[in-house]
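Chemist: Input: one structure, supplied below.
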Amino acid sequence: MSGTVVIAHLYPWDMNIYGDVGNVITLRRRLEWRGFDVDVRAVDVGVPFDFSDVDIIFGGGGQDSGQRVIGEDLLARGDELCALAAAGTPMLVVCGTYQLFGRSFTTVDGLEMPGIGIFDLQTVGSDVRTIGNIVVESPFGRLVGFENHSGQTILGPGQEPLGSVTAGYGNNRESRREGARTGDVIGTYLHGPVLPKNPRLADHLILAAVGRKFGTTELEPIADGLERRAADVAALRPR
Amino acid sequence: MALWITLGVTKAAAALSRMLGRGAGQSFPGVVAERLDPRLAGRLASRLPNGVILVTGTNGKTTSTMLIAAALEASGERVLSNATGSNLKRGITAALLSASSLRGRFQETIGLFEVDEASLRLVAKDLDPTDIVVLNLFRDQLDRYGELDTTAALIGEGIAATTARLHLNADDPLVASLSRYSASPERVTYFGVESDPVAGATPGQGAADSGRCPLCGARLDFSRIFYGHIGHYQCPNGDFERPRPSVAITDVATADVTGTCFTVDVDGVVGEITFPLAGTYNMYNALAAVSAAHARGIEQEVVAESLRMSTAAFGRAEVLQLDGRSLYLLLAKNPVGLARVLETFVSPLDAPHILFAVNDLYADGRDVSWLWDVPMEALIPAGSTVLTTGTRGADMTLRLHYAGIRSDEVEDVGAAVRRLVRETPVGETAYVFPTYTAMLDIRTLLSGQPALRAVAT
Ligand SMILES: [Zn+2]
């Protein structure tokens, strides 16, 4: 297997908390282990970016200030990102970027920021932070991670979640649903970062990308013993 | 309530809690005192003849507090500190309480407290300090700090509530910007590094923690980055720039794991300092001590001598001798802190023996995501022998795996330390990077337990 896979990392300068860069490291290594070359390109506020040969898009969490900084820029790229999503480009967005992939984010002070609307969901800031270890059942198996967010996210009636929560909260304190999924665009509150301990999810994104680009139908398996061990340990830790 | 009644009741509570062997014995009397009289800490502190100094910031609080204490003591002060206790408000109350007589008198002449960043607001309001030192602001994995800007604003509120002299790190933009909260700008002193502190410092690892102008939000231009977002910067819109420090390191003669030799300029008075704590980050701790001591009128030679005599604080590069091996204990608290100690101690070596002990108890921070923010790929030499342990040793092993570094997880901390010592040749040095509670575990193990003596057999 060979060829170059291009990963666009949305706003690594402003949206980069809680180890989210680990998701990019994981995508890169799991591609390299299978013989692909990887080119990671940063998307930055106010800087033109050509998405035409991008294979995977990733965006992480940030502080409120970071979210304010990127909001308008993301909105300006919204049509392009929606078109890429509709055409099947796999994307993973976490926490702050996940919220802005919905319809709107309303801060605790009542300030409403529009999102780009790939997901049918709305998020409202609250005074309480939802913090702790979280376990989710999903089509990609059990997902383990750590959530740390004050936003409460409500999915629209037709919006598929990423999974259902078995420990922790996820999207909000009532629904027992976590994240959102539209085609191969996946949004989640799971930090940890999410991909290292949940390699099935990582490989789903990778297969979607190399399938589109190279017609690959199957990935070489990787012995995921260390990944499983870390996930098993994390799933048993107190919240 | 009369002071002596409160003191009597809380001291009795402290005695009772010791008798019952309560783990929280140090803070418990502080909690009782706050119930009886929320102003108790302030009432007691006001009886210290030379006032109170507070030290806050993400990294280096304990070391800086220790260095300031040494300088104060060298000048003849008797220092009341929370060195061994909690740096939350109740811990400081407890320290004041336990040092005071039943009549509220002190042997000590001055208070010096390290204060948790989020607690500074409350503590400053109560204690009315003469000086506040702010070292740096980095993201910390402890769950209670979601937002760095929020932490800065909380510290700002604390500053605004006092008339204290401020000692601010000029090279940390978010810290330098705290001067706007001061009631009197002429009472702000900046400390910083003018020269390149160490050849081969790693620039470009990103000023991501605090890369934007605190006033207009534009990305700051850095002409120098010493580490993290610590360096020389200015806003492209011209509304904010690094203030010129009046307490500055102007030249670094030598810097290695045995420490640094540097020239310090304090308001134009220049002196040489030989300082046995390694790492650029420790030079900032020394500068904080020089600045605070200078404000107290302590002679520069006295400060230089106390810095020359300093030893590492608890778990900050302590060296233990064990069965013919040296064992460095290097506390790992957050990504920037861990990256700095790795860079200082193991990156220059060919084949170091390393143990990471990662716990996720409350005092460590439940979230271990921060391990991924440390650029292990660049910091750990390829020939290293690496072990991991702790409640989240598996996370560390996974992190290292994705950095291309093989490590073995040993579940039991004691077994991990024994294996580390066994695998390190006699006469050589091993490096242990524990999180806070793992450090406590290892210290307990190493405190002359018979099991330890048997380690190398
Ligand atoms: Zn500016």
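Chemist: For the stretch B:35-110, calculate the relative contact order in percent as a whole number, restricting contacts to Cα pairs under 8 Å that are 6 or more residues apart. Intermediate results must be reported in sequence, preceding the final value.
Modeler: On the way: 65 pairs, mean separation 32.3, N = 76.
This gives 42 percent for the stretch B:35-110.
Chemist: Work out the mean other chain Cβ neighbour count within 10 Å for the residues of A:226-239 and drop it here as an integer.
Modeler: What the average comes to for A:226-239 is 5.
Chemist: Another question, then. Please list, in order along the stretch B:46-60, the HN-Hα scalar couplings obtained from phi with the Karplus expression 6.51 cos²θ - 1.76 cosθ + 1.60 (θ = phi - 60°), rounded to whole Hz, x for Gly and Pro.
Modeler: For the stretch B:46-60, the Karplus-derived couplings read 5, 8, 7, x, 9, x, 9, 10, 10, 10, 9, x, 6, 10, x Hz, x marking Gly and Pro.
Chemist: If you don't mind, another one. Which whole-Hz ³J(HN,Hα) couplings does the stretch B:169-176 yield from phi under the Karplus relation 6.51 cos²θ - 1.76 cosθ + 1.60, θ = phi - 60°, glycine and proline marked x?
Modeler: 6, 5, 8, 10, x, 5, 5, 4
Chemist: For the stretch B:327-389, what D do you get in µm² per second when you plug the Kirkwood radius from alpha-carbon pairs into Stokes-Einstein at 20 °C and 1.002 mPa s?
Modeler: Values: Rh = 12.3 Å.
For these conditions, the coefficient is 174 µm²/s.
Chemist: Indicate the gyration tensor shape class of the stretch A:2-78 (rounded, prolate or oblate), computed on the Cα atoms with a ≥ b ≥ c the square roots of the eigenvalues: a/c under 1.5 is rounded; otherwise a/b larger than b/c is prolate and the rest oblate. Walk me through the numbers before you get to the answer.
Modeler: Working: a/c = 3.49, a/b = 1.56, b/c = 2.23.
Because a/c hits 1.5 or more and a/b fails to exceed b/c, the stretch A:2-78 counts as oblate.
Chemist: A further question follows. For B:K89, which lysines qualify as cross-link partners when the Cα separation must be under 19 Å and same-chain residues fewer than eight apart are set aside?
Modeler: Filter leaves B:K11, B:K61, B:K125.
Chemist: Which percent of the Cα-Cα distances in the stretch B:243-319 go past 20 Å?
Modeler: Values: 731 of 2926 pairs.
Result for the distance tail: 25 percent.
Chemist: Classify the stretch B:3-308 as rounded, prolate or oblate from the Cα gyration tensor: take a ≥ b ≥ c as the square roots of its eigenvalues, call it rounded if a/c is under 1.5, otherwise prolate when a/b beats b/c and oblate if not. Don't skip to the answer; put the middle values down first.
Modeler: Details: a/c = 1.99, a/b = 1.57, b/c = 1.27.
The shape class here is prolate.
Chemist: If you scale each eigenvalue of the Cα gyration tensor by 5 and take the root, what three semi-axes come out for the stretch B:68-185, rounded to whole angstrom and sorted largest first? Before the final figure, lay out each step's value.
Modeler: Details: eigenvalues 132, 55, 36 Å².
Working from the Cα gyration tensor, I get semi-axes of 26, 17, 14 Å.
Chemist: Determine, for B:W370, B:W4, A:W13, the number of other Cβ atoms within 10 Å of each Cβ, and report the residues in order from fewest to most. Show your work: numbers first, answer last.
Modeler: Values: B:W370 25, B:W4 12, A:W13 20.
Result, fewest neighbours first: B:W4, A:W13, B:W370.
Chemist: Let me ask you something else. Using only the Cα atoms of the protein assembly as shown, build the gyration tensor, take square roots of its eigenvalues as a ≥ b ≥ c, and label the shape rounded, prolate or oblate: rounded if a/c is under 1.5, else prolate if a/b is larger than b/c, else oblate. Please report the intermediate quantities before stating the final value.
Modeler: Values: a/c = 1.61, a/b = 1.47, b/c = 1.10.
Prolate, since a/c reaches 1.5 and a/b exceeds b/c.
Chemist: Further question: Among A:I70, A:I57, A:I134, whose mean-square fluctuation peaks in a Gaussian network model of chain A (Cα, cutoff 10 Å)?
Modeler: Result for chain A, Cα springs under 10 Å: A:I70 fluctuates most.
Chemist: Whole-Hz ³J(HN,Hα) for each residue in the stretch B:392-407, computed from phi via Karplus 6.51 cos²θ - 1.76 cosθ + 1.60 with θ = phi - 60°, x for glycine and proline: what do you get?
Modeler: With the stated coefficients, the stretch B:392-407 comes to 10, x, 5, 5, 5, 4, 5, 4, 5, 4, 6, 8, x, 10, 7, 9 Hz.
Chemist: Right, something else. Among B:431-444, A:87-100, how do they line up from the highest to the lowest mean number of other beta-carbon atoms within 10 Å? Write out the running numbers ahead of the final one.
Modeler: Numbers: B:431-444: 21.5, A:87-100: 24.8.
Those peptides, ordered most packed to least, come out A:87-100, B:431-444.
Chemist: Between the stretch B:49-83 and the stretch B:349-397, how many Å separate their Cα centres?
Modeler: When both Cα centres are located, 31 Å separates them.
Chemist: A further question follows. In peptide B:392-405, how many Cβ atoms from other protein chains are near each Cβ within 10 Å, on average?
Modeler: Values: counts 4, 3, 10, 11, 1, 3, 14, 7, 1, 6, 10, 2, 2, 0.
Mean number of neighbouring Cβ atoms from other chains: 5.
Chemist: Another question about this same structure. Explain nothing, just the number: relative contact order of chain B, from Cα pairs under 8 Å at least 6 residues apart, as a whole percent.
Modeler: Working: 956 pairs, mean separation 54.8, N = 457.
This gives 12 percent for chain B.
Chemist: For peptide A:128-135, how many partner chain Cβ atoms fall within 10 Å of a residue's Cβ, on average?
Modeler: 2
Chemist: Moving on to the next point. Neighbour counts of other C-beta atoms within 10 Å: give me B:H232, A:H9 arranged from fewest to most.
Modeler: Arranged by neighbour count, lowest to highest, B:H232, A:H9 become B:H232, A:H9.
Chemist: Placing +1 at every Lys and Arg Cβ and -1 at every Asp and Glu Cβ, with all other atoms neutral, what dipole size does the protein assembly as shown have around its Cα centre, in debye to the nearest 20? Please list the in-between numbers first.
Modeler: Numbers: 62 positive and 80 negative charges, 491 e Å.
Dipole size: approximately 2360 debye.
Chemist: A further question follows. Could you check the simple spin-label distance between B:R47 and A:E72, using points 7 Å along Cα→Cβ, in nm with one decimal?
Modeler: Those two pseudo-labels are separated by 5.8 nm.
Chemist: In what order do B:K89, A:K197 fall by count of nearby beta-carbon atoms within 10 Å, going from fewest to most? Let's see the in-between values first.
Modeler: Values: B:K89 25, A:K197 31.
If I rank by nearby Cβ atoms, fewest first, I get B:K89, A:K197.
Chemist: Another one. Just report the Cα centroid separation between the stretch A:86-165 and the stretch A:174-220, whole Å.
Modeler: So the separation of the two Cα centres works out to 15 Å.
Chemist: List the relative contact order of the stretch A:4-236 as a percent without decimals, with contacts defined as Cα pairs under 8 Å and 6+ residues apart.
Modeler: On the way: 509 pairs, mean separation 45.5, N = 233.
Reported relative contact order: 20 percent.
Chemist: Can you tell me the FRET efficiency between B:L16 and B:L36 if r is taken as the Cβ-Cβ distance and R0 is 25 Å, rounded to the nearest 0.05? Don't skip to the answer; put the middle values down first.
Modeler: Working: r = 15 Å, r/R0 = 0.58.
Approximately 0.95, to the nearest 0.05.
Chemist: Between B:T84 and A:D39, what's the calculated FRET efficiency when r is the beta-carbon distance and R0 is 56 Å? Round to 0.05. Walk me through the numbers on the way to the answer.
Modeler: Numbers: r = 52 Å, r/R0 = 0.93.
After rounding to 0.05, the efficiency reads 0.60.
Chemist: Taking the simple approach of a point 7 Å from Cα along Cα-to-Cβ for both A:A223 and A:A87, what is their distance in nm?
Modeler: That separation, rounded to one decimal, is 4.0 nm.
A short reminder: the numbers here are calculations on the coordinates, not readings from a lab. Predicted model, so just to flag it, every value in this text is computed and none were measured. No Cβ is skipped: glycine too gets one built from the backbone with ideal geometry, and neighbour counts run over all protein chains shown.
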